[in-house]
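All remarks here apply to the structure that follows.
The values are calculated or read from the model by the stated rules, or taken from the named source; none is laboratory data. If you're wondering where the values come from, they're calculated on a predicted model, not measured in any experiment. Here the Cβ positions follow ideal geometry from the backbone for every residue, glycine too, while neighbour counts run over all protein chains shown. Only protein heavy atoms, including side chains, enter the accessible area calculation; ligands, DNA and RNA are left aside. Shrake-Rupley method; radii C 1.70, N 1.55, O 1.52, S 1.80 Å.
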Amino acid sequence: MLEVRSLTARYGAVPAVRGADLELAPGELVALVGANSAGKTTLLRSIMGLHGDRVGRIVVDGTDVSHSTAVGAARAGVAIVPQGRRLFHSLSVEEHFGLASGRRRGGPISVADVLEFFPGLARRRSVRAQALSGGEQQMLAIARAVLVGPKYVLMDEPTEGLAPFVVESVTRLIEHLPSLGIGVLVSDHGDGDLAARATRMYVMDRGAVAPHVAAGASAALVLDIQEGAVQ
Ligand code: ATP
């Protein structure tokens, strides 16, 4: 279980995440839904140890990573697909696979498995990341995260700005991961498919994470919650 308790994260004096509580179990697909600037990116980066200015408790399968860097969170079994992808621009697709596989901590997914979901990447293995399309870059960022063999994957708006056929491939892989026992926390604006497919959903508003809502809640309901119309 990945557990987050009373997590507050700031930029200078300004809190972007305010006392957030959430849980992610192995094999769950959980959505973190919120409008622009709600604090989703900051929360995911804080869990991963990429945002240092944070207080609260983060425990991964019994290991306390509240004060860890990203290396500590990764060792505990967490991976992130960050906004902006953060690929190595001069490295090829194949070299990204090699780096991720070199850091592999076991786990059920191989390069061949990933390429079944992303056949377009198979044809681009020798191409540098900087020459890939946005959709291909996003597929590579997701592939890199899952090839490390994480128990929990944090994905920051993974389908944002992608062409519909790429959204479909990415969504299929995201939905497959829980069947392998991997817990997936995916941030989203709530207007796409992903939130509706999640097992559970948290709604984030101005830094606060509301208690979770049942699976399949519609985007309209989420918006109502954000506007305070539904408790
Ligand atoms: P989006 O859906 O637009 O990606 P988000 O829900 O991920 O938004 P964050 O990016 O975490 O939200 O931003 C939360 C708050 O923190 C916002 O008010 C934002 O302006 C502020 N913020 C984000 N990054 C910084 C930064 N580097 N310095 C100062 N404030 C920041």
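Structure data summary
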item: Theoretical gain in end-to-end length, Glu168 to Ala35 [0.36 nm per residue, Cα-Cα removed]; result: 45.6 nm
item: Top of Val184, Val55, Val14 by mean-square fluctuation, Gaussian network on the chain, Cα under 10 Å; result: Val14
item: Kirkwood hydrodynamic radius (C-alpha pairs) into Stokes-Einstein, the range 2-228, 4 °C and 1.567 mPa s, D in µm²/s; result: 74
item: Whole-number Å³ per residue for the convex hull built on Cα positions in the range 90-198; result: 92
item: Difference of contour (0.36 nm per residue) and Cα-Cα distance, Leu180 to His89; result: 29.7 nm
item: Alpha-carbon centroids, the range 106-155 and the range 21-51: separation in whole Å; result: 21
item: Cα-centre dipole for the range 53-156 with unit charges at Cβ (Lys and Arg positive, Asp and Glu negative), debye to 20; result: 160
item: Rg to Rh, two decimals, where the range 1-42 supplies the alpha carbon set and Rh follows Kirkwood; result: 1.01
item: Whole-Hz couplings from phi, Karplus 6.51/-1.76/1.60, listed for the range 8-16; x for Gly and Pro; result: 10, 10, 10, 10, x, 7, 9, x, 9
item: Using θ = phi - 60° and Karplus 6.51 cos²θ - 1.76 cosθ + 1.60, couplings along the range 43-57 (whole Hz; Gly, Pro as x); result: 5, 5, 5, 5, 4, 7, x, 8, 10, x, 7, 8, 10, x, 10
item: The chain - accessible surface per residue (Å², probe 1.4 Å); result: 44
item: Percent RCO, i.e. relative contact order, over the range 2-228, from Cα pairs under 8 Å lying at least 6 residues apart; result: 30
item: Long-range amide H partners of Ala198 with built H, under 5 Å; result: Gly216
item: Accessible carbon and sulfur surface of the chain relative to its total accessible area, %, 1.4 Å; result: 52
item: Translational diffusion coefficient (Stokes-Einstein; Kirkwood radius from C-alpha pairs) of the range 1-87 at 20 °C, 1.002 mPa s, in µm²/s; result: 163
item: Förster radius 45 Å - calculated FRET efficiency between Ala25 and Val127 (Cβ-Cβ, nearest 0.05); result: 0.75
item: Under Karplus coefficients 6.51, -1.76 and 1.60, residue-wise ³J(HN,Hα) of the range 182-196 in Hz, glycine/proline x; result: 8, x, 10, 10, 10, 8, 6, 7, x, 9, x, 7, 4, 4, 5
item: Dimensions (Å) - the range 116-165, Cα atoms, principal axes, largest first; result: 29, 23, 21
item: Theoretical ellipticity at 222 nm over the chain - DSSP helices of four or more residues, -39500 (n - 2.57) apiece, nearest 500; result: -9000 deg cm²/dmol
item: Solvent-accessible surface ranking, highest first, for Thr171, Thr63 at 1.4 angstrom; result: Thr63, Thr171
item: The range 142-203: proportion of alpha-carbon pairs further apart than 15 angstrom, %; result: 47
